[in-house]
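Following: one structure in structure tokens, then a few remarks.
Every number here is computed from the coordinates shown, using simple stated rules; none is lab data. A quick note: this is a predicted structure, and the numbers were derived from the prediction, not measured. Cβ atoms come from the backbone with ideal geometry, glycine included; neighbour counts cover every protein chain shown.
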Amino acid sequence: MGSPPPSLAAILATHLSGDGATATDPVGPAALAELRGRLEAAARAAVLEADLPGDAGPLRLPKHRIAALLDCERHVLAALSDGLGDGLGEDPRAVALGRLVDVLTGYRVLKGPAARRDLAMGTELIRADAGDRPDAVLNWLDGLTTDERGDLTTELDRRLDRLLAGWPSFDPAWWPRTQEPVALTLADGQVVVSGRLDVTVGGPPTAWPMAVIEVKSGRFSGAALDEQLLYALLVALRDGRAPGLVVTCAALSDGPVAYPVTIAHLRPAAGRLEAALAAAGRLAGGRHRPIERASWRCRPCPAQRSCSTYDGR
């Protein structure tokens, strides 16, 4: 048997070692300028294809929309028209667990290892985040029976125990923060690409390169890595310097997965974003039939019965 993967504490101790003064930029300004130029061209082409009225506002691509467009364009249209994007989909328990894990790990980062991380605290954190807005997860949690709450508590505790094993106390000198927004504006403000970083440490104005930590309530997957590299791309183009490291911590996997960020990672991330921009422009313009692709999104898709590519998965 091989040795276990390093803990998040060990990964961050290595990344944040020394005073940061010797850290080198792994990408460089010329490579970032190349990527920005590619994305500017793709965004302007998407705006021309969309041909939206002047008062329509920018073409917005939040992180989840990018992944959905690349999975299946028809699903995106069907989900928007059906209201599926505002609900809990086919598995509300999984969605609720994901949200609870997100808010409780963020609370743990800011409050330290002694922070409460039970279902009641998670529910209140979601309630505080929702404010006066309707929240599907909160409505679902409030409707649970006593037995259902007990089952959810057991599973939430199990996942958090696995996820947070080996997490450090986050030194304030690292400048730890949670749910940091990141956005990239293209085509003179006509396109906005956005996301939120679960946990970040370092980065300007600290001496250390940024480390971006993504938290997953399930297992690590290739889709999770694509998401992380998109975040790395957005941060690099926002700050003018790429993060030094992206880390995915998945509750049902064996340990954190860490990747140093290089131009070899950012180029394919830019390629995926270019493809998503093209798809968004086509759909907004309405002059082309949306591309159908069989994927895990087939099962909850409202267009399933009339879809020629649905494979029964």
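If the segment from Arg116 to Arg38 were pulled out straight at 0.36 nm per residue, it would be longer than the present Cα-Cα gap by 23.5 nm.
In nm, what is the difference between 0.36 nm times the number of residues separating Trp296 and Arg219 and their Cα-Cα distance?
Result: 26.2 nm gained on full extension.
Computed extension length for Glu124-Ala10: 37.9 nm, one decimal, from 0.36 nm per residue of separation with the Cα-Cα distance subtracted. Measuring nothing but how far apart in sequence close Cα pairs (under 8 Å, 6+ apart) lie, relative to its length, the stretch 111-266 scores a relative contact order of 17 percent. Shown in residue order for the stretch 10-15 are the 3J(HN,Hα) couplings computed by the Karplus curve 6.51 cos²θ - 1.76 cosθ + 1.60 at θ = phi - 60°: 5, 4, 6, 4, 5, 5 Hz (x for Gly and Pro).
Spatially, the stretch 149-193 and the stretch 235-254 are offset by 11 Å when compared through their Cα centroids. Using a simple spin-label model with pseudo-atoms 7 Å out from Cα toward Cβ, Ala94 and Asp188 lie 4.4 nm apart. Charging the Cβ of each Asp and Glu at -1 and of each Lys and Arg at +1, and nothing else, the dipole of the chain about its Cα centre rounds to 460 debye.
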